[in-house]
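The structure appears right after this line, and notes come after that.
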Amino acid sequence: MLGLANVYTDASSIKYIIDNPRFLPKLDMIQFLTKLPFSRGVIHCNHILTSSIQEPYEGKNIHVMLGNAPLIEGSHLRKLYMSPVKTIAIFNHADEPYQRSINQKKAIISTTFGFGRVILSPIHAESTIGNSKAQDLFVRNVIWLSGQEQVLN
């Protein structure tokens, strides 16, 4: 993920799209892409010891719009020189267009990079229609990135 965190995208859940030549025609690809905004998944928010910013959602499931394949842990070698990755949320369930299970894979992670903070996520909580919890989760992540957690207190 751009060398910012020791995670990478696990495209195996959508590998059938990449390997299937029938998706090459524009109409088929457009049809696939139109499914993404309506594709819903369930993420489970973990308990994070380092920050209370996500406290209202810890241990809870939230329905979100999916956007890409899940994140999985990177190599052990990179753990020696990259900042630790903290899993904020994992996938609990996903529907179309994912054919393979993405359950228990990383949905939102946080880490640091130099003096900055990083959050990576394949979901689109900010675009989830009709779910204020997902949108609030996104806002809380942005506030954590800014280092202004006291705004919520």
To the nearest Å, what is the center-to-center distance of segment 62-122 and segment 127-151, using C-alpha atoms only?
17 Å
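For segment 49-151, what is the relative contact order in percent, using Cα pairs closer than 8 Å and at least 6 residues apart in sequence?
Working: 131 pairs, mean separation 31.4, N = 103.
Relative contact order here is 30 percent.
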Find out how many positive minus negative residues lie around Gly130, taking Lys and Arg as positive, Asp and Glu as negative, among other residues whose Cβ is under 15 Å from that of Gly130.
0
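What are the trypsin sites (Lys or Arg not before Pro) within segment 58-127 that DSSP puts in a loop, where the Cβ has at most 16 other Cβ atoms within 10 Å?
Details: sites: Lys60, Arg78, Lys79, Lys86, Arg100, Lys105, Lys106, Arg117; in loops: Lys60, Arg100, Lys105.
Hits after loop and neighbour filter: Lys60, Arg100.
Taken together, the values in this text are just the output of simple stated rules run on the coordinates, not laboratory data. Please read all numbers here as calculations on a predicted model, not as lab measurements. Note that we place each Cβ from the backbone using ideal geometry, even for glycine, and neighbour counts take in every protein chain shown.
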